[in-house]
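**Student:** Take a look at the following structure, please.
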Amino acid sequence: MGWDALEHWGDDAVRVERLSGGVANDVWSVRIDGRLAVGRLGNRSDADLAWETDLLGFLDRSGLTVPVPIPTADGRLFSHGLTVMTFVEGGPPECKADWARVADALRQLHRLTVGWPQRPGWRSSTDLLHAETGTRVDLRAMPSEGVARCRAAWAQLVGRPTCIVHGNPSNPTNVRLTADRVALIDWDESHLDVADLDLVLPHNAAELDAAAFDLAAQASAAWEAAVCWDDAHATRRLAEVRSIPDR
C-alpha cells in the first residue's frame, strides 16, 4: 500500500518533505490535522512495530521526551508498515555538557526498561555469541575472522544486566536538545541489550573509567560492524575491533 496508507490518518493527511537520516525506512515530514509530524514507512512486521510503539508510549508516560505515536482515525498506531509520530523540536548536542545531558537521559531509559522483552526477531550482542542471525544481523555474511573478533568483544559483556538500548545515540542527528529537555529520536535500532552499548558517547560524556570505556567501545564497534555489514561504515568499524583475551 505504501504511502497511500497515510489516508488512514485522515482525509487531510499529506506528505510535506523527505527527511534525511532514513536508511532502512522512507522518512517524511507529514501534516496531520494541521500539525507537523513525522511519517516513517518501512517493512517491519506488525509485531516489531507494536513493540516499538508500546515502548515509546511507555517512555513518554514515564517522563522521557520521545516521538509519540499518533493513532490512525480508527485508533491504530501503525498501518501497512507506516507509523506517524509527533515532530520533536530542538538541535543536536554541541559540547561536552550537552552530551552529559544525553548520558543522563540514556541512564534514565536504561533504569526504566530493566526486564523489558526483546524486540521480536532481534538478538542481543551476547545472544550472538551462539546465534548467527537476528533481524539485520547475519554473521554468516561476515568473514569468519571478523566474527571471531566481534564475539570476543561481546563476550566481555556476559553476565551484565540488560535493558532497552536506543541503539545509536552517539549520532547527533538522533538527539534533539532544548534548554530544558533532551529528546531521543529514531528508535528503529532499539532493542534489549547491555547498557554499555549506548554509553560510548563523544567526550566520554557518560564518564566511564578507561577500562569500561574501552570494553564498551569494542562491543559497540563490533555491533555496528555486524548490523551494517558489508558497507564502508561496517568495514571501518570492524577494523577497530580487536581480539580481547579472556581475563
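**Student:** What is the order of C95, C163, C150, fewest Cβ neighbours within 10 Å to most?
**Tutor:** Numbers: C95 10, C163 19, C150 29.
Ordered by Cβ neighbours within 10 Å, fewest first: C95, C163, C150.
**Student:** Next question. Quick one: compute the contact order of the chain, relative version, from alpha carbon pairs under 8 angstrom and 6+ residues apart, as a percent.
**Tutor:** Relative contact order here is 18 percent.
**Student:** From the Cα gyration tensor of segment 37-143, with a ≥ b ≥ c the square roots of its eigenvalues, which class applies: rounded if a/c is under 1.5, or else prolate if a/b is larger than b/c, or else oblate?
**Tutor:** oblate
**Student:** Would you please classify the overall shape of the chain from the alpha carbon gyration tensor, given that a ≥ b ≥ c denote the square roots of the eigenvalues, rounded means a/c under 1.5, and beyond that prolate means a/b larger than b/c while oblate covers the rest?
**Tutor:** Prolate, since a/c reaches 1.5 and a/b exceeds b/c.
**Student:** Just T133, T86, T178 to compare: in a GNM of the chain, with alpha carbon springs under 10 Å, which one fluctuates most?
**Tutor:** Greatest mean-square fluctuation among the candidates belongs to T178.
All of the numbers you see were taken from the coordinates with simple rules; none came from a lab. Every value quoted in this text rests on a predicted model; they were computed, and no experiment measured them. So basically every Cβ, Gly included, is an ideal-geometry build from the backbone, and we count neighbours across all protein chains shown.
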